[in-house]
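> Can you keep this structure in mind? I'll have questions shortly.
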Amino acid sequence: MMKKTLLLAAIALVFIALPKVSLGQVSFSHSLGAAYYVSTSTIITEYSESTSTIGSPAILYSPRINVVELGREMTVSVGTHLGLGFMLDTNSGSASFAMDLPVVAEINFGHGAHADTRSSVGGYAGVGYGINRLGGGSDFDGVSTNKASGPVLNGGVRALINGIPVGLRVSYLLNMEEGGNVAGIGAFYTFGF
């Protein structure tokens, strides 16, 4: 039901904006950076209740295809923000991993919307569907994992700082499986701007 609602909203957005758009040229852009994902879940058994928090750093790669130009400084795109990470601490015997794969439709505005924008500040907001796997553990605490999939909301800002195109991203995945929701934060460098 949620997938159908999101699909209908995306189609409606395209048709509402269609008279003002340019469908002439599809463009590609991408960014690379670092992210951190965290999830908290509560495990309830017959005898106890415990809360587990899992977090892990990751490398963030965000390719996107701009499919519609809504004006000189605005585009609609389809893409992902792939996060992959692993961390090992040999002193404590702890390790963690992260895999984040959302597929999102986004509205991009200002800087970074496409290669010809003149703004020095911009941003984006999007919705989609994501899959996330987080795991962590140590020799002393055992292993905790969180499998998550469901609707994802994300957004961020892009800016030219001292001539360098950088940005910040936040995301929130509403888990439809057993386990906790997943929040993410990241910083990135955008190529080609």
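> Take the Cβ-Cβ distance between Leu82 and Glu178 as r, set R0 to 22 Å, and report the resulting FRET efficiency rounded to the nearest 0.05.
Given R0 = 22 Å and the Cβ-Cβ separation, E is 0.35.
> Here's something else I'd like to know. What's the FRET efficiency of Ile164 with Gln25 using the Cβ-Cβ distance as r and R₀ = 22 Å, to the nearest 0.05?
0.25
> How high is the relative contact order of segment 28-180, in percent, counting Cα pairs under 8 Å that sit 6 or more residues apart?
19 percent
> Here is a further query. At 7 Å along the Cα-to-beta-carbon direction for both Ser50 and Arg118, put a label point, then send me their distance in nm to one decimal.
6.1 nm
> Using Cα-only point scatterers and the Debye equation, what is log10 of I(q)/I(0) for segment 120-193 at each q in 0.12, 0.17 Å⁻¹, rounded to two decimals?
Debye curve over Cα of segment 120-193, log10 I(q)/I(0) at q = 0.12, 0.17 Å⁻¹: -0.47, -0.73.
All of the numbers you see were taken from the coordinates with simple rules; none came from a lab. Computed from a predicted structure; not experimentally measured. For neighbour counting, all protein chains shown are included, and Cβ atoms are generated from backbone atoms with ideal geometry for every residue, glycine included.
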